[in-house]
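Working notes for the structure below.
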Amino acid sequence: MNATLSKLLRVTLPALGLSRLAAEGLARLTWDGRQGTLGLVLAHPTRVEVLAPNYDGFFAGQPLSINNLGFRDDEDYQLAKHDKTFRILVLGDSVTFGHGVRFEDTWPYLLRQRL
């Protein structure tokens, strides 16, 4: 192993780890809860990020709840369902998610109320 690579591994990589730790500490100390609550997303190996199940906080100035399955919803659901139960999964962008609006004002919620 040459000297440059050895120095990179011994000095630079640990310094990057300390920088990330310091940035995390600074974010937690200076975070304004009106901007949102930390912990909304989790790292995922194939999807990059996913919504944190059972998250309850604020996002974009609005209350936000993520259910046990990782979807924006105030209700938790079991995977097993009754024979006469129909489920509709709505996938979409920030408009579907309801960025900046209450859950009760999102179009998937309004659709559920009409069905």
Considering each of Tyr77, Tyr109 in turn, give the residue that is at pLDDT 85 or above and part of a loop (DSSP other than H, G, I, E, B). Tyr77
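Yes/no per residue for (1) free of Cβ contacts under 8 Å to residues at least 24 places away in the same chain; (2) surrounded by 12 or more Cβ atoms within 10 Å (Cβ to Cβ); (3) not small (Gly, Ala, Ser):
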{"position": "Arg87", "(1), (2), (3)": "yes, no, yes"}
{"position": "Thr96", "(1), (2), (3)": "yes, yes, yes"}
{"position": "His99", "(1), (2), (3)": "no, yes, yes"}
{"position": "Leu111", "(1), (2), (3)": "yes, no, yes"}
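The values are calculated or read from the model by the stated rules, or taken from the named source; none is laboratory data. Predicted model, so just to flag it, every value in this text is computed and none were measured. Virtual Cβ from ideal backbone geometry, glycine too; neighbours counted across all protein chains shown.
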